[in-house]
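*Asks:* Dumping the structure here so I can ask a few things about it.
The values are calculated or read from the model by the stated rules, or taken from the named source; none is laboratory data. Source: prediction; values computed, not measured. Don't worry about glycine lacking a Cβ; one is built from the backbone with ideal geometry, like all the others, and counts go over all protein chains shown.
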Amino acid sequence: MSPARAIASAADADGPRQAAARIAALPADADLLAATGEGLIERGAFEAAEVALERALGIDTDHYDALLAMAALHDRWGDPVSASACVTAAARARPVLAEEDPDPALPHVLRLRSVEGVRYGTSHSRQTGRWSLMFKGGHFSIRALVDREAINLHVANILGDNLLEAALPPADLALNTIADADKGRPGLEAAARFLAARPDLPVINHPEKVLLTSRDSNHRRLSGIEGAILPLTVRVSHGGRPRRLAADLEKMGFTYPYILRLAGTQTGISVVPVGSREQARRIFRMSAPDLIFHVIAFHDCRDEKGRFRKMRCFFIDGRFFPVACLGSDHWEIHSGDRYRIMDTDPELQAQERRWLDDPEGFLGTENMARLHAVRDIVGLDFFGIDFSLSKGELIIFEVNPAMRHNFDHADAFPYTRPHLERVSAAFHAMVIERCAGVRPLTV
């Protein structure tokens, strides 16, 4: 155990007053104090962590790790302004996190990450009982996509045009993980300017292409695919006239119910079904005039047994990978439905097996061709599609790279593991090939 971890463990065992005294007695070493604060957060001793982190920042106001850990505490305590200020200060202090001991035999990957419009916060593991620190929102995680032992990974914290003047490590490839065209717009635009200044640097998921994947943009771009249904989607704010907006949406073709969600949110956060003009007016009246919503037409996709389905696939370097087929008794389907419904329903599990093992047989040749038509228009190196089938028709809900890839459910649903492993292997192979100068697959 490291000294900082040992100190954190001992302080956690103390009461708050004794912990503060123990931390006050530590040497004036910002690195040690920051690591102690992180260790205390891991144990859920948040008040003691604050003492350690404040002392670290008193010694070094620009200490990167202490600033981020303090941001997580502010985020946890409901102070987003202070949390954002800490993240911004951290990015200014260290715009680039270069690999400390790079292996000259391995390729160099520069991960592009925006600190604008994202949070740095805590996440609790039910399995370990511990807390972890992480960036949240607007990006896709590469934890299960890239073998860290096979690359030198450098991280760029994009804040405005800071990379244009930053000292950069060598890079064989830029890996853009900014994934949300709404939340990540400032970072994507800055990343595009950076790459324009580095035209010889290969890139996975060029930010200019990601910028085109907002929900309303996808509706406009992809609705021309014959046989594919993309629910009518518009981007609106009421601008101080909530009554008029509610009526205008009806004139645009929206019928009740329709779906409201805040632009830039994922995983079902902020989703509200709207069942009447009165309800729409009430929601808009209670929201700020400049708050941006996506309004999405609702399609009832229940099968003959009254169940809803959501399928997901990835495209990686032009290749198709089935990922999941979730069944639920509710139209808003989440991965948690695996344990609420699917783990005791052999029929739904068998359905998912068929999808994973034979996606073309499951969808039909024409629907597979429609998914590949989406690929050709979107043109990203990595992205996902969420969709369903209704009476044989393909209904597409979401198309973007802001989708999680992990093995969280593989133990409970072991038939999914080989398919998840293929996704990881394909993404990693793409990274290594691009570093070696292999051109993208022509689609």
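*Asks:* Please list, ordered by residue number, the helices (runs of 4 or more DSSP H) wholly in the stretch 184-239 having 2 or more residues that are within 18 Å of L260 (Cβ to Cβ) and touching a residue at least 40 places away in the same chain (Cβ under 8 Å). Don't jump to the end; show me each part of the working.
*Replies:* Working: elements: 185-196, 207-210, 215-222.
Output list reads 215-222.
*Asks:* Select from the stretch 305-317 the residues that are surrounded by 16 or more Cβ atoms within 10 Å (Cβ to Cβ) and over 20 Å from the mean Cα position of the chain (by Cα) and list them in ascending order.
*Replies:* R307, F308, R309
*Asks:* Sticking with this one: Determine the pairs where a residue that is within 13 Å of L389 (Cβ to Cβ), located within the stretch 293-305, has a partner that is of a type in the set (S, T, Y) with Cβ atoms under 7 Å apart, the partner being 6 or more residues away or on another chain.
*Replies:* The qualifying pairs are H299/S390; C301/S388; C301/S390.
*Asks:* Sort through A166, A196 and tell me the only one that's at negative phi and at pLDDT 95 or above. I'd like the intermediate steps shown before the answer.
*Replies:* Values: A166 fails: at pLDDT 95 or above.
Testing whether each residue is at negative phi and at pLDDT 95 or above leaves just A196.
*Asks:* While we're on this one: If I go through the stretch 175-193 residue by residue, how many of them are among the hydrophobic types (A, V, I, L, M, F, W, C), under 18 Å from the mean Cα position of the chain (by Cα) and modelled with pLDDT of 95 or more? Don't jump to the end; show me each part of the working.
*Replies:* Residues of the stretch 175-193 among the hydrophobic types (A, V, I, L, M, F, W, C): 175, 178-179, 181, 188, 190-192.
Now narrow it down to the ones that are under 18 Å from the mean Cα position of the chain (by Cα): 175, 178-179, 181, 188, 191.
Remaining after also requiring modelled with pLDDT of 95 or more: 175, 178-179, 188, 191.
The number of residues fulfilling the criteria is 5.
*Asks:* Can R244 be described as farther than 17 Å from F383 by Cα, within 29 Å of the chain's Cα centre (by Cα) and not in a loop (DSSP other than H, G, I, E, B)? Can you show your working first?
*Replies:* Working: farther than 17 Å from F383 by Cα: yes; within 29 Å of the chain's Cα centre (by Cα): no; not in a loop (DSSP other than H, G, I, E, B): yes.
The answer is no for R244.
*Asks:* Right, something else. For the stretch 128-156, which residues satisfy the criterion of being farther than 23 Å from A105 by Cα and of a type outside the set (K, R)? Spell out the reasoning first.
*Replies:* Step one: of the stretch 128-156, the residues farther than 23 Å from A105 by Cα are 128-141.
Answer for the stretch 128-156, where residues must be farther than 23 Å from A105 by Cα and of a type outside the set (K, R): T128, G129, W131, S132, L133, M134, F135, G137, G138, H139, F140, S141.
*Asks:* Here is a follow-up. Is it the case, given these coordinates, that R302 is more than 20 Å from S214 (Cβ to Cβ), modelled with pLDDT of 90 or more and surrounded by fewer than 21 Cβ atoms within 10 Å (Cβ to Cβ)? Spell out how you get there, then give the answer.
*Replies:* Details: more than 20 Å from S214 (Cβ to Cβ): yes; modelled with pLDDT of 90 or more: no; surrounded by fewer than 21 Cβ atoms within 10 Å (Cβ to Cβ): yes.
Answer is no for this residue.
*Asks:* Out of the stretch 92-122, which residues are over 28 Å from A429 (Cβ atoms) and either of a type outside the set (A, V, I, L, M) or surrounded by fewer than 20 Cβ atoms within 10 Å (Cβ to Cβ) (or both)?
*Replies:* R92, A93, R94, P95, E116, G117, R119, Y120, G121, T122
*Asks:* Determine, yes or no, whether R370 is among the charged types (D, E, K, R) and touching a Ser or Thr at 6+ places or on another chain (Cβ under 9 Å).
*Replies:* So R370 does not fit the description; no.
*Asks:* Moving on to the next point. Within the stretch 1-108, which helices (runs of 4 or more DSSP H) (wholly inside it) include 2 or more residues that are among the aliphatic types (A, V, I, L, M), at pLDDT below 95 and touching a Gly at 6+ places or on another chain (Cβ under 9 Å)?
*Replies:* Working: elements: 3-13, 16-24, 30-42, 46-59, 64-76, 80-93.
Hits in the stretch 1-108: 3-13, 46-59.
*Asks:* I would also like to ask the following. Among I432, I377, I395, which is the only one that is closer than 23 Å to L232 by Cβ and touching a Pro at 6+ places or on another chain (Cβ under 8 Å)? Working first, answer last.
*Replies:* Working: I432 fails: closer than 23 Å to L232 by Cβ; I377 fails: touching a Pro at 6+ places or on another chain (Cβ under 8 Å).
The conditions single out I395.
*Asks:* Let me ask something else. Here is a list of conditions, (1) buried (at least 19 other Cβ atoms within 10 Å of the Cβ); (2) within 18 Å of L145 (Cβ to Cβ); (3) of a type in the set (G, A, S), and S388 meets all of them except one; can you say which number that is?
*Replies:* (2)
*Asks:* If you don't mind, another one. Would you check which residues across the stretch 124-134 are at pLDDT 90 or above, surrounded by fewer than 20 Cβ atoms within 10 Å (Cβ to Cβ) and either among the β-branched types (V, I, T) or touching a Lys or Arg at 6+ places or on another chain (Cβ under 8 Å) (or both) and list them?
*Replies:* Within the stretch 124-134, R130 is the sole residue that qualifies.
*Asks:* Something else about it: Kindly check whether there is at least one residue in the stretch 144-164 that is within 29 Å of N218 (Cα to Cα), surrounded by fewer than 22 Cβ atoms within 10 Å (Cβ to Cβ) and without any contact (Cβ under 8 Å) to a residue 12 or more places away in the chain.
*Replies:* No; the residues of the stretch 144-164 include none that is within 29 Å of N218 (Cα to Cα), surrounded by fewer than 22 Cβ atoms within 10 Å (Cβ to Cβ) and without any contact (Cβ under 8 Å) to a residue 12 or more places away in the chain.
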